[in-house]
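Taking it in order: structure first as structure tokens, then the write-up.
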Amino acid sequence: PIRFYNEIDLNPVPDAILSNIKSGQAYLFTGYFQNYRYCSRDSIHALFDFSVNPLPDPEPSYFLQVRRGDYMRSRLHNLNLHGGYFPRALKIAGERYPSALTLVLSDDIPWCQDWEPLKDRRVQFIEENAEVSMRIMHHASIGGITSNSSFGWWGLYSNPERPLHILPEQWFGRDGYY
């Protein structure tokens with residue numbers, strides 16, 4: 001039988017439940033799971049083979065993870081990050097690292113290619129599957145800028161030794177959520 005657990009109101013799954021997970025037992029967890037307690041860096045490294053660097057040139061770079069798609073239709077997730085947060089974050093990154101390459105990962109690359117704040121900077125648009133994209137986020141030498149998305153959060157968490165970690169202050173468009 002499958003055991004179910006639903007993350008309630010974005011609160012982490014209690015340690016008592018996590019510590020009782022048994023090998024061979026099927027579990028279905030639903031929620032957001034944007035918390036380091038769920039997964040050690042070692043387990044992230046076990047899931048993704050970070051020994052393979054998909055970036056051909058080791059030049060200084062940082063990633064910009066832009067999630068649009070389903071978020072654009074969601075009152076909980078659509079925070080209009082492209083209107084204020086992303087331009088400010090790109091300004092900070094550009095001032096600190098003016099010659100760095102911006103690696104843009106998104107579910108809407110055509111929109112990103114037309115987006116004005118990316119026009120006057122060195123940009124490489126990345127259209128890869130999730131595993132390669134996660135490796136790119138991990139190997140971006142300077143760090144990254146993420147949307148309010150668990151995918152980008154894990155991309156930053158996988159390699160904390162980099163100097164640039166920019167995340168939105170507000171994660172959800174609903175009161176009481178971080």
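The values are calculated or read from the model by the stated rules, or taken from the named source; none is laboratory data. Owing to the predicted nature of the structure, the values given are computational and were not obtained by experimental measurement. Glycine also receives a Cβ, built like all others from the backbone with ideal geometry; neighbour counts cover every protein chain displayed. The protein model used for the area step is the full one, side chains on, heavy atoms only, and it has no ligands, DNA or RNA in it. Shrake-Rupley method; radii C 1.70, N 1.55, O 1.52, S 1.80 Å.
Please work out the FRET efficiency for the pair residue 42 and residue 99, using the Cβ-Cβ distance as r and a Förster radius of 22 Å; give the result to the nearest 0.05.
E between residue 42 and residue 99, to the nearest 0.05, is 0.05.
So which GluC sites (Glu not before Pro) in segment 87-178 are both in a DSSP loop and have at most 13 other Cβ atoms within 10 Å of their Cβ?
Filter output for segment 87-178: 127, 128, 161, 169.
Would you check the accessible area of residue 107, probe 1.4 Å, heavy atoms only, in square angstrom rounded to 10?
Probe radius 1.4 Å; accessible area of residue 107 about 90 Å².
Note down the net charge around residue 97, summing +1 for each Lys or Arg and -1 for each Asp or Glu among other residues with Cβ under 13 Å from its Cβ.
+3
Largest first, how would 116, 7 line up by accessible area (1.4 Å probe)?
So the residues, ranked largest to smallest area, are 116, 7.
Working out 0.36 nm times the residue gap between residue 129 and residue 109, then minus their Cα-Cα distance, what length gain in nm do you get to one decimal?
In short, 5.9 nm is gained.
Using a 1.4 angstrom probe and counting only protein chains, how large is the accessible area of residue 122 in Å², to 10?
Looks like 110 Å² after rounding.
Give me a comma-separated list of calculated 3J(HN,Hα) values for segment 50-56, in order, Karplus coefficients 6.51, -1.76, 1.60 applied at θ = phi - 60°, integers in Hz, x for any Gly or Pro.
7, 5, 8, 9, x, 7, x
How large is the accessible surface of residue 63 in square angstrom, using a 1.4 angstrom probe and rounding to the nearest 10?
It works out to around 0 Å².
Residue 6 to residue 162: FRET efficiency via 1/(1 + (r/R0)^6), r the Cβ-Cβ distance, R0 35 Å, to the nearest 0.05?
Computed FRET efficiency for residue 6 and residue 162: 0.55.
Place a point 7 Å from the Cα of residue 53 along the Cα-to-Cβ direction; which residues of segment 92-111 have their backbone N under 17 Å from it?
100-103
Taking amide H atoms as placed 1.01 Å from N in the peptide plane, list the residues 5 or more away in sequence, or in a different chain, whose amide H sits under 5 Å from that of residue 108.
Close amide H contacts, sequence-distant or interchain: 68.
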